[in-house]
Each structure stands twice: as structure tokens, then as C-alpha cells.
Amino acid sequence: MTARSRYIAEEDAFARTLGTRLVEVTEDRVVVTMPYRQGLGVGRVHGGAISGLVDIAATAVFWSLPTLGEEARGATVGFDIHFLNLAVAVDLTATATVRRRGGSLCTGEVVVADPDGREIAVATVTYKLNPGRGRPPANEVRPGG
């Protein structure tokens with residue numbers, strides 16, 4: 001479980017672009033950081049970068065289930081995000097938790113905070129996670145592959 005979550009949060013091309021790092025992972029809870037750099041927005045952190053952090057953290061938490069097989073596949077179905085405060089040139093931390101795992105759809109929450117613990121954004125994420133049968137569609141995530 002840790003290896004897949006780490007791949008999603010640190011090694012995937014988009015994660016490398018944002019510079020995210022996995023700080024903590026347990027089943028159904030992950031913490032991911034995104035250090036500030038000017039490419040994420042001059043002064044303030046761009047909402048798109050924050051949304052990317054949310055998606056990475058949520059995906060990593062859904063993949064934290066230790067019983068997922070090698071053929072498991074997944075994709076974000078959608079998310080609803082609310083920006084609560086402006087993030088001005090600060091590192092951000094996303095804490096993602098699974099609220100419910102269904103047959104193939106999972107729902108989770110992500111809270112993004114600054115170093116002082118002030119909430120910057122909150123999101124609810126829906127994710128489709130197939131434990132594995134056959135070949136995945138080209139647009140689905142295959143961690144480690």
C-alpha cells in the first residue's frame with residue numbers, strides 16, 4: 001500500500017511537476033505536502049495547483065488499501081473544492097481521508113492547510129477503483145506501471 005501511494009504522490013509525472021511529497025500513509029489516511037515555488041503562482045498559490053494537490057492526495061489515499069491487487073485500476077470521477085483562504089507563498093499540506101469505500105466508487109475528503117494550520121481549501125472527491133480484471137482504459141491510473 002505504501003509503495004503505490006508513494007508512487008502516486010511523488011513519482012508520477014504530475015506529482016513531480018507539482019513537487020509533492022508523501023509525508024504519512026496509513027490505510028484510509030495520507031498526508032501530502034507541496035512546497036511553494038514561484039512556478040505554482042507568483043506570490044499566491046494558484047487554485048489549479050491546489051486542486052492538483054487535492055487530486056494527488058485523494059488518489060493516494062484511495063490506493064492505500066493493502067488488499068488491492070496488481071491489476072487494480074482507478075480514476076477520479078470528480079471533486080468539489082471550496083477555497084477558504086488565500087495561500088501566499090507558503091508550503092501546503094493536504095490531509096486526505098476515505099469517508100466510504102463502495103463496490104467500485106469511493107468517497108473521500110481532503111483538507112489543505114498552510115504551515116500555521118489555517119485551512120486553505122476543503123474538497124470532497126469521488127474515485128472509481130476497480131480491484132482488477134482485464135486491461136485498463138488508457139486514461140486510468142496504473143501506479144508503478
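Before moving on, here are some points about what is shown:
Every residue, every condition in (1) under 13 Å from the mean Cα position of the chain (by Cα); (2) of a type outside the set (S, T, N, Q); (3) over 16 Å from THR124 (Cβ atoms), yes or no:
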site: GLY43; (1), (2), (3): no, yes, yes
site: GLY47; (1), (2), (3): no, yes, yes
site: ASP55; (1), (2), (3): yes, yes, no
site: GLY74; (1), (2), (3): yes, yes, yes
site: VAL88; (1), (2), (3): no, yes, yes
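- Filter result (of a type in the set (Gly, Ala, Ser) and either modelled with pLDDT under 70 or under 14 Å from VAL77 (Cβ atoms) (or both)) within the stretch 118-145: ALA123, GLY134, ALA138, GLY144, GLY145
- Test: residue in the stretch 8-21 that is in a strand (DSSP E or B) and more than 14 Å from ASP114 (Cα to Cα): yes
- Test set (1) in contact with a Ser or Thr (Cβ under 9 Å, 6 or more places away or on another chain); (2) within 17 Å of PRO115 (Cα to Cα); (3) aromatic (Phe, Trp, Tyr) - TYR36 fails condition number: (1)
- Residues in the stretch 62-100 that are basic (Lys, Arg) and closer than 15 Å to THR26 by Cα: 1 in all.
- Of the numbered criteria (1) touching a Leu at 6+ places or on another chain (Cβ under 8 Å); (2) modelled with pLDDT of 95 or more; (3) assigned to a loop (DSSP other than H, G, I, E, B), the one PRO115 fails is (1).
- Checking ALA75, ALA96, ALA60 one by one, the residue that is modelled with pLDDT of 95 or more, in a helix (DSSP H, G or I) and surrounded by 14 or more Cβ atoms within 10 Å (Cβ to Cβ) is ALA60 and no other.
- Residue in the stretch 21-28 that is surrounded by 19 or more Cβ atoms within 10 Å (Cβ to Cβ), more than 15 Å from VAL90 (Cβ to Cβ) and at pLDDT 95 or above present: yes
- When residues in the stretch 33-52 are screened for being in contact (Cβ under 8 Å) with a residue 60 or more places away in the chain and part of a strand (DSSP E or B), 2 of them pass.
- Of all residues making up the stretch 23-32, the number that are over 11 Å from LEU53 (Cα atoms) and part of a strand (DSSP E or B): 6
The values are calculated or read from the model by the stated rules, or taken from the named source; none is laboratory data. Bear in mind that the values here come from a model prediction, so they are computed numbers and not experimental data. Cβ sites come from the backbone with ideal geometry, for glycine too, and all protein chains shown count toward neighbours.
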